[in-house]
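The values are calculated or read from the model by the stated rules, or taken from the named source; none is laboratory data. Here the structure is a predicted model, which means the values were calculated and not measured. In this analysis, Cβ positions are derived from the backbone assuming ideal geometry, glycine residues included, and neighbour counts consider all displayed protein chains.
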Amino acid sequence: MEGVDPMSTTEHVPETVKQTHPVRGVLWGLLVGIGLACLLAFVKAISLSLAPMIIVAALGTVAGVVWSIYGPAKAPKDPPPEFAQTSSPPPPLSDAVDG
Amino acid sequence: MRHVARCCRIAAIAVAAVMIGSAPVSAGDSTPPSLDDEALDAIRELVPEGEPGEYDLEGADELYEQLGTLLNVDAQVDDFGDSSALTGPCGGFAFSYDKGGDRIDAAFDAGDDAPPVDLLDGGQAFTSGNPFKVDTQGVVVYYGFSPRSGDGPRNHRWSITTSGISLDSGGDPNDLGNNRNAGLVDLGDDLPVPFAAKVKISGEMSSDNLAACIGNGHVDLQAPFANPLTLGSIVVLGGGVLGLLFNARPARTWKA
C-alpha cells in the first residue's frame, strides 16, 4: 500500500438506478397494437376498417410506452460491484524525483 | 393485408349488384316490405338451397321478377328522372353459398327507395346487425341491373371503397347500352387464404345518362377460426407481448 493515503479512501454503498426504454416501448407496443387490432378484426370483435384498427393500434403503442416507463423494473443482472475504494493517486514519478 | 383487400374487392363486386342503388342502410327511414311467414316461405323456396351455378340473364331476369312479385315491390323501374343521389336506377339480387354449397344468405334490391331485403328472414339486408354473409371459401351468385328497362349506363365510372380506401374502380364506355349482368364469384378459387371479418363497403357508379347509384352495406366474411390471418395476428400479438416483457421492461442497473 505504498503511496496510498488511507485517509483518502471512501466507501460507496451500491445503489441502483432505474433504466427505461421508451423507444423500445413504442416499437413493441405498436407491434402489440397491430397484432391486437388484426386479431380483433379477424374475430369480428371490431369491423375491418381504418378507424377502429388505428385506435386499437394507438392504444397498444401507448400501453407499450407506459409499460416501458412505469412497469416493474427488473433486478440487475450482475451482482453488485465490490465496495469501491477510491484513493488519491500516487504522485507522478517526475514529481517524486523533483520533490 | 393484400389478401384482405383482394377479398373485400371480390366480395364487394359480388354484392355490388344489390348494394348499389340502395339507400344508406343505417338510415332507418325506410323499412323493407312486411312479409308474413307464408310469403317468406315462398320466397325462400325460390332461393336455391344448394349452389345453383351461374345464372344466365334470362333465368336471372325471370327469377328476379318472381322475387319482386312475392316481395310486393314494383320490379319495373323504368325512369328515375331527377332522382336523388341516395338511390339510383339499379338493383338486383345476390345469393351466397358456403364451401359445401349450402345457402347462407340471400338479398334483393328493387332499385327503388327501399333498402335491400334479406330474402331469408324478410328483414333489411346489409345492415351492421344483419350483414350479408359471405363464406370466403364459398361462392356468390349475383344478378344486377341499371336500369331494369332501357339503356344502360353510358360511359360509366364506378368505385368500391371501404373506410375511404379504394378497393377497386373502373369504368366502361358501354357503347351497346347493356343494362344488366349475371354471374358467379368463386371466392374459394380467387382467394389464396380464407379469413373472417366484418367490413363496411361503399359503392358508387356514375354515368353520362343515368342518375348516380350510391350504396352502403355491411358484409360478414366467414371462415373457420383457425385461418392463416387470425393465427398470424396471434403470432404478431404474442411477439409484441414478449418484446414488451423481455426487451422494453425497465431494468435496474448498478449506479456507477
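Structure notes:
- Selection from segment B:222-256 of residues that are buried (at least 19 other Cβ atoms within 10 Å of the Cβ), outside any helix (DSSP H, G or I) and within 30 Å of the chain's Cα centre (by Cα): B:222, B:223
- Candidate set from segment B:31-47 (those that are outside any helix (DSSP H, G or I) and surrounded by fewer than 16 Cβ atoms within 10 Å (Cβ to Cβ)); member that is modelled with the lowest pLDDT: B:31
- Neighbours by Cβ (under 6 Å, 6+ apart or cross-chain): first from segment A:1-29, more than 8 Å from chain B (Cβ to nearest Cβ) and in a loop (DSSP other than H, G, I, E, B); second surrounded by 10 or more Cβ atoms within 10 Å (Cβ to Cβ) and modelled with pLDDT under 90: A:3/A:90; A:4/A:87; A:5/A:88; A:9/A:85; A:9/A:87; A:12/A:84
- Residue within segment B:76-99 that is acidic (Asp, Glu) and at pLDDT 80 or above present: yes
- Residue in segment B:198-208 that is farther than 30 Å from residue B:174 by Cβ and modelled with pLDDT under 95 present: yes
- Counting residues in segment B:180-190 that are assigned to a strand (DSSP E or B), surrounded by fewer than 22 Cβ atoms within 10 Å (Cβ to Cβ) and within 14 Å of chain A (Cβ to nearest Cβ) gives zero.
- Residue B:177 being touching a strand residue (DSSP E or B) at 6+ places or on another chain (Cβ under 6 Å), farther than 30 Å from residue A:81 by Cβ and more than 8 Å from chain A (Cβ to nearest Cβ): no
- The set of residues in segment B:241-256 being of a type outside the set (A, V, I, L, M) and more than 7 Å from chain A (Cβ to nearest Cβ) consists of B:246 alone.
- Residue within segment B:204-213 that is closer than 22 Å to residue B:112 by Cα, touching a Phe, Trp or Tyr at 6+ places or on another chain (Cβ under 6 Å) and in a strand (DSSP E or B) present: yes
- Selection of segment A:31-51 for residues being assigned to a helix (DSSP H, G or I) and either modelled with pLDDT under 95 or within 8 Å of chain B (Cβ to nearest Cβ) (or both) yields A:31, A:32, A:33, A:34, A:35, A:36, A:38, A:39, A:41, A:42, A:50, A:51.
- Filter result for residue A:63 (touching a Leu at 6+ places or on another chain (Cβ under 9 Å), in a helix (DSSP H, G or I), more than 7 Å from chain B (Cβ to nearest Cβ) and of a type in the set (A, V, I, L, M)): yes
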